[in-house]
Amino acid sequence: MNIRSRNKINPSFNMSSMTDLVFLLLIFFMILSTLIKTNSILNLSLPSSTSKEKSKARVRVNIDANHQFYVDRTPVSPDMLGPALRQKLGDNPEAKVEVAVDENVPHKFFVQAADIISVQNGYKMMLVTKAPSP
């Protein structure tokens, strides 16, 4: 007596629904990542910050009280700030530049440096601050 079952289980797996789900998740995260991106040009640390975060920047731009620009202790003119940074950092979009500005410097010099560093060259900036006094 030959008894055969009419309900055979098919061992194959249909991937079409899984593929649809993966594509929907991909589209969701692509749209979400564009909404999270901020439109601010500068990522500044506020003065008298209690943050203990250490910078991993490779280059430091200083502006002293005499309005002189320095790239890692080398004096440069504002016109040569961009080429000096490109020479040190290259075209790395993830490169970070520390900016230390004397408290007596007018803000137009900081804005000029920020324009050269962030807007013209696309580097990320971090403003150097001192620890708050107790």
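What follows is calculated from the coordinates using simple rules that are stated; it is not laboratory data. Small disclaimer: the values here were computed from a predicted structure and weren't measured. Using ideal geometry, Cβ is built from the backbone for each residue, glycine included, and neighbour counts are taken over all protein chains shown.
Distant-in-sequence amide contacts of PHE69, defined by a placed amide H-H separation under 5 Å and a gap of 5 or more residues or a different chain, comprise VAL76. Distances between placed amide hydrogens fall under 5 Å for ALA100 paired with VAL61, ASN62, ILE63, VAL128, all partners being 5 or more residues away or on another chain. Taking 0.36 nm per residue of separation and subtracting the Cα-Cα distance, full extension of the segment from MET30 to ILE9 would add 3.7 nm.
Take 92-103, 24-35, 117-128, 8-19 and order them by the average number of nearby Cβ atoms within 10 Å per residue, most first; the result is 117-128, 92-103, 24-35, 8-19. In sequence order, segment 105-122 has phi-based couplings of 7, x, 5, 5, 6, 5, 5, 4, 5, 5, 4, 5, 6, 8, 7, 6, 10, x Hz under the Karplus curve 6.51 cos²θ - 1.76 cosθ + 1.60, θ = phi - 60°, and Gly or Pro positions carry x. What's the local net charge at PRO106, with K and R +1, D and E -1, over the other residues with C-beta under 15 Å away? Spelling it out: positives minus negatives among the neighbours equals -3. Hey, which aspartates and glutamates would be in cross-link range of LYS124, C-alpha to C-alpha under 18 Å, not counting anything within fewer than 8 residues on its own chain? List returned: GLU53, ASP72, ASP91, GLU94, GLU98, ASP115.
How much length would be gained if the chain were fully extended between ASP79 and LYS124, taking 0.36 nm per residue of separation minus their Cα-Cα distance, in nm to one decimal?
Working: separation 45, 0.36 × 45 = 16.20 nm, distance 1.91 nm.
14.3 nm is the gain from fully extending ASP79 to LYS124.
Our coupling estimate for segment 123-129, obtained by passing each phi through the Karplus curve with A = 6.51, B = -1.76, C = 1.60 and θ = phi - 60°, is 8, 7, 10, 10, 8, 7, 10 Hz, Gly and Pro reported as x.
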